[in-house]
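Everything below concerns the one structure shown next.
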Amino acid sequence: MAPIRDPNTLSNCDAWRTRHTTANLKIEFEAKRLHGSVVLELESQTDRGSKEIVLDSSFLDVSSIKLNSSPSKWEIKDRVGADGSPVHIAVPEGAAKGEVVKLEIELATTDKCTALQWLTPAQTSNKKAPFMFSQCQAIHARSLFPCQDTPDVKSTYNFNITSPHVVVASGVSKGTEGEGPETLYKFEQKVPIPSYLFALASGDIAEAKIGRCSAVATGPNELAASKWELEDDMDKFLDAAEKIVFPYRWGEYNVLVLPPSFPYGGMENPIYTFATPTIISGDRQNIDVIAHELAHSWSGNLVTSCSWEHFWLNEGWTMYLERRILATIHQNNAYFDFSAIRGWSALEEAVNSYGKDHEFTKLCISHKGIDPDDAFSTVPYEKGFHFVYYLDGLVGRENFDKFIPHYFDKWSNKSLDSFEFKETFLEFFNAPEYMSLKDKIASIDWEGRFYTPGLPPKPEFDTSLADVCYALAEKWKQADFSPSPEDISSWTGNQVLVFLDTVQDFQTPLTVEKAQALGKAYGLLNTKNAELKTVYYQIAMQAKDISSYQGVADLLGEVGRMKFVRPLFKSLNKVDRELALKTFEKNRDFYHPICRQMVEKDLGLASA
């Protein structure tokens, strides 16, 4: 048996492996629950060596479990912190190695389910129908149904979902049956995926074509704007990605633009990326998120880290591919470095917030006894990117471009850890044609890269696109500087962000007057771009501009993306705790459960 490599699963996936999952679920909006059955087909990894199957679960109502169509003996044991409550199912005779057994589990989710958010019609834009969506990363699939909730286990899926409203899922649509409240929506996922990529959404959803194999789905009121935002670049992103790796293997690539309470920028659910509505900013300046989630179609979906301890293999590679894609479509290699410069600043901020020697600033983090949500940060993204980028530079782009498809082909439909990645890299570059690189390859400090906390060595970047941002920021230190909209009229949104980030990092904050002039001159108070507005409000709060505080509170009632919500709440809490607490209470039900729990910790309310 292969050892269990994931400390965040309580399942015995060393003895049994899920090969196929069929979800027969009804979405009950009034009860705010999923109800039905899930059938798991598990392959024995031993020769009758295991007499029970252990699955992950969290706050589930399980009513019955059948083993090969017969009632079985089963028990849900005591909860183990964030890892949930293991479900033990007896298999008295065991099973021969390679034999597949079927578990049929009757269940319902509960009001403690951390994977689902339920919105009333009043919380949607056109007020016509309720809305439900799931978010299973990192270990929240176990609150939907008992499963082997670990990236190290991949399964194919059938979704049979009954709902009175349109359903999308992380599979290819196989049509509908029936009509009205009992409409059955069917989907199939033929490529094995880990449980955290199981995804459902249902509501008043409309759809429009945005590319040769892509559509955007969202609320009817938002469809035209979403289509306009994405249609010019979708095929460009896909063409660039396929050129770097190999052809897309999932059939369709669609984007579901969710309601504002979605807690992340995007979630790489296969077939349907779930995306924040903050990317629909009316200026096509925030769609880099789509390049990132598309890159996940190879890194993190097709090839997956075996546990959250090796999460950088998903996100570091994805950041690298995203930046290659963006540089390709912009036809400007400086854009790659410009994006990396932004990432370096974010990494510095994360390391400084933890402390340079903190465990969470390592590339490979021990997750034993740790909730993966607590360890989630910029570090695996940007520190992982810098390791991949370092290897690229070490062997040369031409050689590294040959390694990329080899790596993704070798590990397609599999999961790996950092050491298997190391072995794959060394094996590839041990070929005779790479003998000239022998000394460079031998110089790689793998242990240091994996386990040294703090910042990695900083590369030499092409700063041409960032220098103009730094130069404008310096002018804002001058007492007599008079700003004009022309200062930034030719810039991309990302350049404006670099400028604002630089101003935010001033040792001496702007005065109230200057902060107000900044917002007025550059249109930051009225922008629909939540990225820009968030950083502007951070600057305003640093300046103690009391007139901005209500604007912060208003924005916190409009967006649920944690990238914006958590920093804004932390800053508002420092300058006006009463308003911060009032704003959180007002919007508590608006936020996704994951977001709500994290903000409670940020505000010191976690024990409440």
Query raised in the report: Does residue 568 satisfy being over 26 Å from residue 470 (Cα atoms) and of a type outside the set (Gly, Ala, Ser)?
Result: no
Requested in this report: Check residue 443 against each of (1) in contact with a Phe, Trp or Tyr (Cβ under 9 Å, 6 or more places away or on another chain); (2) at pLDDT 95 or above; (3) polar (S, T, N, Q) and name the one condition it does not meet.
Outcome: (1)
Query raised in the report: Could you count how many residues in the range 273-289 are in contact (Cβ under 8 Å) with a residue 24 or more places away in the chain, open to solvent by less than 20 Å² (accessible area, probe 1.4 Å) and not in a loop (DSSP other than H, G, I, E, B)?
Result: 3
Requested in this report: Considering every residue within the range 20-30, establish whether at least one is outside any strand (DSSP E or B), at pLDDT 95 or above and either open to solvent by 50 Å² or more (accessible area, probe 1.4 Å) or not hydroxyl-bearing (Ser, Thr, Tyr) (or both).
Outcome: yes
Report task. Please enumerate the residues belonging to the range 346-357 that are touching a residue at least 40 places away in the same chain (Cβ under 8 Å) and either acidic (Asp, Glu) or open to solvent by 50 Å² or more (accessible area, probe 1.4 Å) (or both). Result -> 348, 356, 357
Report summary line: Among 305, 339, 297, the single one that is touching a residue at least 60 places away in the same chain (Cβ under 8 Å), within 28 Å of residue 13 (Cα to Cα), in contact with an Asp or Glu (Cβ under 8 Å, 6 or more places away or on another chain) and among the small types (Gly, Ala, Ser) is 305
Query raised in the report: Are any residues in the range 506-535 without any contact (Cβ under 8 Å) to a residue 40 or more places away in the chain and under 16 Å from residue 346 (Cβ atoms), and if so, which ones?
Result: 532, 534, 535
Report task. Within the range 176-185, identify whether any single residue is under 29 Å from residue 299 (Cα atoms) and without any contact (Cβ under 8 Å) to a residue 60 or more places away in the chain, and answer yes or no. Result -> yes
Query raised in the report: Scanning for something touching a residue at least 24 places away in the same chain (Cβ under 8 Å), within 30 Å of residue 374 (Cβ to Cβ), surrounded by 15 or more Cβ atoms within 10 Å (Cβ to Cβ) and out of contact with any strand residue (DSSP E or B) (no Cβ under 7 Å at 6 or more places or on another chain), does the range 88-107 turn up at least one residue?
Result: no
Report summary line: The residue that is nearest to residue 118 (Cα to Cα), considering only those in the range 7-41 that are touching a Cys at 6+ places or on another chain (Cβ under 9 Å) and β-branched (Val, Ile, Thr), is 38
Query raised in the report: Any residue in the range 412-431 that is outside any helix (DSSP H, G or I) and among the β-branched types (Val, Ile, Thr)?
Result: no
Requested in this report: Sort through 360, 403, 336 and tell me the only one that's surrounded by 20 or more Cβ atoms within 10 Å (Cβ to Cβ) and either touching a helix residue (DSSP H, G or I) at 6+ places or on another chain (Cβ under 9 Å) or in a helix (DSSP H, G or I) (or both).
Outcome: 336
**Report entry** Failed condition for residue 164, given (1) assigned to a loop (DSSP other than H, G, I, E, B); (2) surrounded by 23 or more Cβ atoms within 10 Å (Cβ to Cβ)
**Finding:** (2)
Requested in this report: Tell me which residues, restricted to the range 47-58, are crowded, with 16+ Cβ neighbours inside 10 Å and assigned to a loop (DSSP other than H, G, I, E, B).
Outcome: 50, 57, 58
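The values are calculated or read from the model by the stated rules, or taken from the named source; none is laboratory data. Everything quoted here is computed from the prediction, not taken from an experiment. We place every Cβ from the backbone using ideal geometry, glycine too, and count neighbours over all the protein chains shown. Note: areas computed on protein heavy atoms with side chains; ligands, DNA, RNA excluded. Shrake-Rupley method; radii C 1.70, N 1.55, O 1.52, S 1.80 Å.
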